[in-house]
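Working notes, beginning with the structure itself.
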Amino acid sequence: MKALFICTAVLATLTATAHAQLPDGWLWDDGYTLFSAVNKPTTANGKRTSHWFLQAALRCFGSAPAYSTFKVVVEKNGKPVATGQREAQRVAGSEPFLVALALETEQELPGPGLYTVKVFVIDGDTKREHLARTQTIEVGAVRFGDQTELVVSRHGEVLDSILYLRGSRYPTYHQRGRGAVQSQRSVELSFWLSPTVDSAFHQGRCKLTVDGKTVMTELNGILQDRTPAEVVLNQLWRYSTSEYLRFQQVSLLLPLDWSHTPSPQKSPFVNLSDHPGKWEVEYSVEGKLVRTWRFTVNSDGTIAPHPEQGAGLSLAKNAYFVETVIPTGGSAFDARLVPTAAVRGGFYGLPWKTAEGKALAQSLPTKGAAWPGAK
């Protein structure tokens, strides 16, 4: 049986993590958080100078007063070096939330290294600050021509795969800003990788098995969009070679449905509710295995949350962290795999709390160097 699924590349470290200290009914979204280093170049005495700032995209679910804000405090070696604050956009609806798409520090980053980032939500009425997360990110420096580029590492996010049961008229899980919504339900699966230069995810195929029995296979994929979250092209002129550092978040719309409620239009997709058991999704491109994901569907059609979600990992409603398996030695599309970064934690510096999470990180293969030019 054949069906189409849409492959979309979207926007979508180390830590000592504090539990969220948010008011009752508020839910922090670890899966949405995105940290980036942004450059503001200036020219002095005819010479270009770069100034780098930390930018964050943040989301918190729950009813919140108007004029509530997000705040970040960035520390290095235990001392504050930068702060930023931005009024959050309050989005109403059945699942209201606060979101900030480009919260930027007022002070520039002093350079590469490890940074602790404390994220606060400030109540618009009481002005009380609530600590949402304490995370640690790694910022590296690479060369781009004769300029230095600062990049927030996402090597630790290689296991951050999220299965999202997306409702009709809902945006994608990681959508930042305006974008298309669908008129029907869908099952979305997103993951991170540091791809090779020529990685392309069109013509992908899935093989779906439940309890070891094949449910569906040979599913054609269509490349809908391809926007890397952060791309750094690093030219190393020594030895006349070029190295590329690239982080990309890919979102797959799988050929699955997640409710017995009649769809707006007839769908050939497999319904999760019809197949309780242990699921395995293999995703291949041009016959080369890219990733395998594993999760469990309960007898009532719901997804069994991964133990990490019970130990503090916080995601949106109907979103699930799923087990990620990377082929031995890394897939043909992985340029860099850094297990030491993943062992420290995922989701921008949240340490693994469970044996299952730690085992995933420890099983990662090593491939390439973490940073261009490194030996």
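The values are calculated or read from the model by the stated rules, or taken from the named source; none is laboratory data. Everything quoted here is computed from the prediction, not taken from an experiment. Neighbour counts are summed over all protein chains in view; Cβ atoms, including those assigned to glycine, are modelled from backbone coordinates with ideal geometry. Accessible surface areas use protein heavy atoms only, side chains included; no ligands, DNA or RNA. Shrake-Rupley method; radii C 1.70, N 1.55, O 1.52, S 1.80 Å.
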Looking at segment 291-298, can you tell me whether even one residue there is surrounded by fewer than 20 Cβ atoms within 10 Å (Cβ to Cβ) and outside any strand (DSSP E or B)?
yes
Please enumerate the residues belonging to segment 25-60 that are open to solvent by 60 Å² or more (accessible area, probe 1.4 Å) and modelled with pLDDT of 85 or more.
Gly25, Leu27, Lys40
Looking only at segment 123-143, filter to residues that are of a type in the set (Val, Ile, Thr) and open to solvent by 10 Å² or more (accessible area, probe 1.4 Å); which one of those is farthest from the chain's Cα centre (by Cα)?
Thr126
Pairs under 6 Å by beta carbon, first residue in a helix (DSSP H, G or I) in segment 135-164, partner of a type in the set (A, V, I, L, M), six or more apart or different chains?
His155/Val338; His155/Ala341; His155/Ala370; Gly156/Ala341; Gly156/Ala342
I'd like the residue in segment 86-107 that is open to solvent by less than 90 Å² (accessible area, probe 1.4 Å) and among the charged types (D, E, K, R) and, out of all such residues, is farthest from Lys40 (Cα to Cα).
Glu95
Hey, does segment 186-193 have a residue that's modelled with pLDDT under 85, under 29 Å from Leu289 (Cα atoms) and not assigned by the TED database to the domain that holds Leu98?
yes
For Leu150, all conditions in the list (1) surrounded by 14 or more Cβ atoms within 10 Å (Cβ to Cβ); (2) over 22 Å from Tyr244 (Cβ atoms); (3) among the hydrophobic types (A, V, I, L, M, F, W, C) hold save one; what is the number of the exception?
(2)
Looking only at segment 336-346, which residues are assigned to a loop (DSSP other than H, G, I, E, B) and either at pLDDT 95 or above or touching a Phe, Trp or Tyr at 6+ places or on another chain (Cβ under 7 Å) (or both)?
Val338, Gly345
Can you find a residue in segment 76-85 that is at pLDDT 90 or above, more than 28 Å from Gly156 (Cβ to Cβ) and open to solvent by less than 30 Å² (accessible area, probe 1.4 Å)?
no
